Amino acid sequence: MNLTIKVNGEDWALDVAPADVLLDVLRERIGVKSPKIGCERGDCGSCTVIMDGRTVRSCLILAVEADGHEITTVEGISYDGMSELQTLFIQNNSFQCGFCAPGIVLSATELLDNNPNPTRHDVQEALAGNLCRCTGYEPIIDAVLAAGEGGSE
Amino acid sequence: MTTDYPFEAKPESGELKTVGTSAVRIDGLDKVSGAAEFVDDMDFGPGLLHAAIVESPHAYARIVSIDTSKAEAAKGVVRIATGKDFPYKFGMYMEDRYIFAQDYVRFVGEQVAGVIARSHREAVQAAKLIEVEYEVLTPLLDPKSAVADGAELIHPDLEDYTHVPWFFPQTDTNIAHLRKIRKGDTEKAFAEADYVLEDTYEVPRYAHCAIEPHVTVSKFDQADRLTVWTASQSPHTQRHLFAEALAPLGLTHKDVRVITPYVGGGFGGKAGVSMEIMGAAMATLVKGRPVKLRWTREQEFYNTYQRQGVVAELKVGVMNDGTITAVEHKLYWDAGAYVEYGANVVNAAGLSATGPYRVPNITNDSLCIYTNLPPGGPYRGFGYSEFHFGLESHMDRIAEAIGMDAVEFRRKNAIVEGDELAYGASMNPSGMLEAIDKTAAAIDWGVEEESDNPNTVIGKGIALFWKAPAMPPNSSSASFLKFNEDGSINISVSGMELGQGYLTVMAQIAGEVLSVPVEKIRVETPDTDRNPYEWQTVASHVTWSSGLAVEKAAIEARGKIFDVIHQVYGYEDDSLYLEDEAVKCRTDESFSKPLRDFVIDGIQTEDGTWRGGPIVASGKFMPEFTNANSDPETGQGGHPNVHYTVGATGVVLEIDKDTGRIWVRKAALAVDAGRAINPDLVNGQITGGLVQGLATVLYEDMRFDENGKLLNPNFTDYKIPTAFDIPDEIIPIIVEVPQPDGPFGARGVGEHTMIGAAPVIANAVYNALGVRIKSMPITQEKVAMAIIEKSET
Ligand code: FES
Ligand code: FES
């Protein structure tokens, strides 16, 4: 089946099988590796991508469902350097192994786009679908809150 | 132990500039930008093949026959592997496993065969076509029944297994190793004690749940070279075990190369060798083609290491003044079907099962028991998290029984420098008392708090912890260091960046010695062909051990730098020092030679010739004061552990009296890091470890059915913490009583931060409700039931 998709600003036309999952197509066919395979059943959020401005779990979406849509990953938001949020994540030593980071960066970016001044509870809610086994979330939440305060200036 | 500080690394000013600062992680940008490459992200081209595994549906069965004919004919299939292809044993501390099952399967999920196909989907499809006939046997699913008289032997050939000299398998039983400690006269001490408390505590199995599943790509090329890219904590140990297990194929160590890029969390689950050996072995069947084997989340739960369960029978005697006089701790470990790694967890726990207390009379029996459940193995805390649950619960109960404050009781008995350990050696310097006091202060210990909500009650708890690295006595680390033209540095080591911040800490240590800022230092991830040896990244030992190797390399490089300056300018070496990336001289203040001017090209002399050249150095460290030779009957005589790291955990929690729901309002954790090379990263370990530990006590739990099948191998049914499931407030406290032989005084803290979490909740629940829960996890349901039971009595 034909798939026309925009990934990080670039147009792609591919022939995919009906059962192909968006996550696999992004990783194996398009070569975008920041969305990670963590559980393949929607539980962990490490495969998070932004589709038309909203985060989705790319392991739960068939590639053909993304036909005609626009996908953004961490690679896409990093071409022009780090965003303020990403910079705060780095300065705050927010991540440890970093496997969850691409998904969390996108979920937090979406949150700040819609709610520039989130509360701690808002941040927890926005990240509740992204599992991180290393950090205990605190240093991640702190950085998102700091980015929110920056946004309000 | 030796307290000689082996290396000289003091800065000129006497003040550390890099060590002790919360430097930004050198891998931060990689990870936040998406640049960080994990094994599954690497490209291997169109020749890449994919493997899938056929697994046993039975916990215990004899394999009658395997029919692979249908699978062989399936689309895309390149090769099938079974136990017949690799009749070779392997194992970390005891060789009790095969690459693929031979005649018997011993747990649900055990690998029976593998399919290599051109696509992942084809491999999975074909694996379903392999027909295995089993004769089903009755499994032994708990350690107590496996040691009962007349229990069937899960490994009848136990006595023939090769193992390390400090293991003591019990022939004709299911006890693969028995670690005994006998010190003083426990019987007499109990008879003379004013108060003795005896009880049993139970801890189930747990899963590591690193978010990155195990994945490995292996290639055996036409020149008989095996290269394995793997998500591992242990590149050199993997190379060693691959080379040993596959030696019958003609492989030697130099023919095996293990490459480990970033790894997405380990927690012990990626230590040693587990599924990787299947990938490595299968690749030898398809020369020249890379083969990828990636575990699904389900396999991640049931066919890697699991944290072992334990039944702990504990008896402690005290005098009325609160002095502990005797401890008898019997630990019955559910070690699973293969114990090649897990037996050392049992060993480590047995050596230290008194906890961080001064105890004159000790009887410890730590039994490594085969069961028909998945193999137990290393998990952050390495046996200590497990036995501390009962031990620290017990200490609270004793304090209450003799009318002593729980903190005071612990202060009185806490082990301090010079006290004798269970195996006879003496305790290293430790900030335990400071850790206790600061933790107690952080949670306002002794101040009773009442909830504003009539439906909830508030409880406080405290628990101590200690842990020593568990490793062979001669585990070692090495490092290479080289300067670049601009005065920047590349360091290669073979410890793994698991997330703990290892690369950054190594850069800080070298940077301190060489006066080079962390941003100008790259620390490379391992490739066993190029990076020098490291045993493994486990045991919370790499900051200490690999840190010493890096410190030594930096000192060697500094010496070479001074030699060049001496040759050219005549200044004596001992008048020179490094500051702000330049060589300076105490006897000539005007002298300053920037490193970038000469660390590659050397220095031109007056006659136009050059001196010096590229500055390269190496360092190594192996503890030379340890030995694992002790009397099997008493455990006395050896010096198995290098040192202990100690600390304390405290919580304030709130419990809904109707539903049993628990909220952790405040959690404080003090750990004696010796010296925090990077305080922010130590705080990261405190926060992450504490949250991981709290999850094990509050809700995580592996559930098996009556046939030994794991019922909850996914994140829906085995819940790990989300961003909502964290304490309202975490107070990390760093104590710094230097480790005399540590790099700048540092010792490890990575595992320790989860050890106190389980008992501290048990103690706080008791404090709030007056109910003592003696089995983990302390779920909402269990608390609610306990409240009902208590109101009925
Ligand atoms: S891989 Fe998609 S949610 Fe886990
Ligand atoms: S940093 Fe390791 S999973 Fe989040």
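The values are calculated or read from the model by the stated rules, or taken from the named source; none is laboratory data. The model shown is predicted, which means the values in this text are computed figures rather than measured ones. Here the Cβ positions follow ideal geometry from the backbone for every residue, glycine too, while neighbour counts run over all protein chains shown.
Residues of segment A:4-44 being in contact (Cβ under 8 Å) with a residue 60 or more places away in the chain, more than 19 Å from B:D41 (Cα to Cα) and either within 8 Å of ligand 1 (Cβ to nearest atom) or surrounded by fewer than 22 Cβ atoms within 10 Å (Cβ to Cβ) (or both), which ones? Quick ask: steps written out before the conclusion?
Restricting attention to segment A:4-44, the residues satisfying the condition of being in contact (Cβ under 8 Å) with a residue 60 or more places away in the chain are A:4-9, A:34-36, A:38, A:43-44.
Then keep just the ones that are more than 19 Å from B:D41 (Cα to Cα); that gives A:4-6, A:9, A:43.
Within segment A:4-44, A:T4, A:K6, A:G9, A:D43 meet the criteria.
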(request) For residues that are closer than 27 Å to B:G376 by Cα and surrounded by 24 or more Cβ atoms within 10 Å (Cβ to Cβ), scanning just segment B:114-138, find the one that is nearest to the chain's Cα centre (by Cα). (result) B:G114
(message) Being modelled with pLDDT of 95 or more and part of a loop (DSSP other than H, G, I, E, B) narrows it down to one residue among B:N364, B:N453; which is it?
(response) B:N453
(request) Determine if segment A:17-39 includes at least one residue that is more than 18 Å from B:F715 (Cα to Cα) and within 16 Å of ligand 2 (Cβ to nearest atom). (result) yes
(message) Exactly one condition in (1) in the same structural domain as B:I80 (by TED's automatic domain parsing); (2) at positive phi is false for B:R225; which is it?
(response) (2)
(request) Note down all Cβ pairs under 7 Å where the first residue falls in segment B:612-626 and is farther than 14 Å from B:A553 by Cβ, the second is modelled with pLDDT under 95, and they're at least six residues apart or on different chains. (result) B:F625/B:M1; B:F625/B:T2
(request) Select from segment B:276-333 the residues that are within 23 Å of B:G109 (Cα to Cα), out of contact with any strand residue (DSSP E or B) (no Cβ under 8 Å at 6 or more places or on another chain) and part of a loop (DSSP other than H, G, I, E, B) and list them in ascending order. (result) B:T296, B:T304
(message) Out of the residues in segment A:90-106 meeting the condition of being surrounded by fewer than 24 Cβ atoms within 10 Å (Cβ to Cβ) and part of a helix (DSSP H, G or I), tell me which one is nearest to ligand 2 (Cβ to nearest atom).
(response) A:I90
(request) Scan segment B:156-176 and report the pairs whose first residue is not assigned by TED's automatic domain parsing to the domain that holds B:K89 and whose second residue is of a type in the set (S, T, Y) and assigned to a loop (DSSP other than H, G, I, E, B), with Cβ atoms within less than 6 Å and a gap of 6+ or a chain change. (result) B:E159/B:T171; B:V164/B:Y93
(request) Test each condition in (1) surrounded by fewer than 24 Cβ atoms within 10 Å (Cβ to Cβ); (2) within 15 Å of ligand 2 (Cβ to nearest atom); (3) assigned to a helix (DSSP H, G or I) for A:E110 and report the one that comes out false. (result) (2)
(request) Kindly indicate the residue of segment A:84-112 that is more than 16 Å from ligand 1 (Cβ to nearest atom) and touching a residue at least 60 places away in the same chain (Cβ under 8 Å) and also farthest from the other protein chains (Cβ to nearest Cβ) among those meeting that condition. (result) A:E84
(request) Just give me the residues in segment B:685-704 being at the interface with chain A (Cβ under 8 Å from one of its Cβ atoms), farther than 22 Å from B:G660 by Cβ and β-branched (V, I, T), in sequence order. (result) B:T687
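Restricting segment A:71-83 to residues that are assigned to a helix (DSSP H, G or I) and touching a residue at least 60 places away in the same chain (Cβ under 8 Å), which is farthest from the other protein chains (Cβ to nearest Cβ)? Break it down into steps so the answer makes sense when it comes.
To start, the set of residues in segment A:71-83 that are assigned to a helix (DSSP H, G or I) comprises A:74-78.
From the residues that got through so far, the ones that are touching a residue at least 60 places away in the same chain (Cβ under 8 Å) too are A:75-76.
Working: A:E75: 5, A:G76: 9 Å.
Filtering first and then ranking leaves A:G76.
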(request) Return yes or no: is B:A768 among the aliphatic types (A, V, I, L, M) and more than 14 Å from chain A (Cβ to nearest Cβ)? (result) yes
(request) Look through A:T87, A:T73 and report the one residue that is surrounded by 20 or more Cβ atoms within 10 Å (Cβ to Cβ), away from ligand 2 (no atom under 13 Å from the Cβ) and not basic (K, R). (result) A:T73
(message) Quick test of your reading of the structure: B:L681 fulfils all but one of (1) part of a helix (DSSP H, G or I); (2) in contact with an Asp or Glu (Cβ under 9 Å, 6 or more places away or on another chain). Name the failing condition by number.
(response) (2)
(request) Exactly one condition in (1) farther than 28 Å from B:F389 by Cα; (2) part of a loop (DSSP other than H, G, I, E, B); (3) touching a helix residue (DSSP H, G or I) at 6+ places or on another chain (Cβ under 9 Å) is not met by B:G619; state its number. (result) (2)
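Per-residue answers, yes or no, for (1) in contact with a strand residue (DSSP E or B) (Cβ under 8 Å, 6 or more places away or on another chain); (2) outside the structural domain of B:A353 (by TED's automatic domain parsing):
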position	(1), (2)
B:A549	yes, yes
B:A557	yes, yes
B:F562	yes, yes
B:E579	no, yes
B:P594	yes, yes
B:E606	no, yes
B:I615	yes, yes
B:E633	yes, no
B:V646	yes, no
(message) Condition check: of a type in the set (G, A, S), facing chain B (nearest Cβ under 9 Å) and more than 13 Å from ligand 2 (Cβ to nearest atom). Does A:A63 satisfy that?
(response) no
(message) For segment A:113-133, give me each residue that is more than 16 Å from ligand 1 (Cβ to nearest atom) and within 8 Å of another protein chain (Cβ to nearest Cβ).
(response) A:V123, A:Q124, A:E125
(request) Go through A:G53, A:G68 for me and flag whichever is more than 14 Å from every other protein chain (Cβ to nearest Cβ), away from ligand 1 (no atom under 16 Å from the Cβ) and closer than 22 Å to A:E125 by Cα. (result) A:G53
(request) Report, by residue number, each residue of segment B:705-727 that is facing chain A (nearest Cβ under 9 Å) and surrounded by fewer than 24 Cβ atoms within 10 Å (Cβ to Cβ). (result) B:N714, B:F715, B:T716, B:I720, B:P721, B:T722, B:F724, B:D725, B:I726, B:P727
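Tell me which strands (runs of 3 or more DSSP E) are completely within segment B:95-197 and hold 2 or more residues being closer than 30 Å to B:G403 by Cα, or say none if there are none.
Working: elements: B:111-117, B:131-136, B:175-183.
The strands (runs of 3 or more DSSP E) meeting that bar are B:175-183.
Take the residues of segment B:257-269 that are crowded, with 24+ Cβ neighbours inside 10 Å and under 16 Å from B:S218 (Cβ atoms): which is farthest from the other protein chains (Cβ to nearest Cβ)?
Just the residues of segment B:257-269 that are crowded, with 24+ Cβ neighbours inside 10 Å, to begin with: B:258, B:260, B:262-269.
Restricting the remaining residues to those that are under 16 Å from B:S218 (Cβ atoms) gives B:258, B:260.
Numbers: B:V258: 19, B:T260: 13 Å.
Among them, the one singled out is B:V258.
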(request) Collect the residues in segment A:116-127 that are under 16 Å from the mean Cα position of the chain (by Cα) and away from ligand 2 (no atom under 14 Å from the Cβ), keeping them in residue-number order. (result) A:V123, A:Q124, A:E125, A:A126
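Taking the condition of being over 14 Å from B:G602 (Cβ atoms) and assigned to a helix (DSSP H, G or I), how many residues in segment B:563-583 meet it?
Restricting attention to segment B:563-583, the residues satisfying the condition of being over 14 Å from B:G602 (Cβ atoms) are B:570-582.
Retained after the next criterion (residues that are assigned to a helix (DSSP H, G or I)): B:573-575.
Qualifying residue count for the region: 3.
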(request) Output the number of the condition that A:D80 fails; it satisfies all remaining conditions of (1) within 16 Å of ligand 2 (Cβ to nearest atom); (2) modelled with pLDDT under 95. (result) (1)
(message) Residue pairs, Cβ under 7 Å, 6 or more apart or interchain, first in segment B:209-238 and within 14 Å of chain A (Cβ to nearest Cβ) and more than 16 Å from ligand 1 (Cβ to nearest atom), second in a loop (DSSP other than H, G, I, E, B) and among the polar types (S, T, N, Q). List them.
(response) B:S232/B:T260; B:Q233/B:Q536; B:Q233/B:T537
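For residues that are more than 26 Å from the chain's Cα centre (by Cα) and within 14 Å of chain A (Cβ to nearest Cβ), tally how many sit in segment B:480-538.
Let us first name the residues in segment B:480-538 that are more than 26 Å from the chain's Cα centre (by Cα), namely B:481-490, B:511-521.
Subset that is within 14 Å of chain A (Cβ to nearest Cβ): B:518-519.
The qualifying residues number 2.
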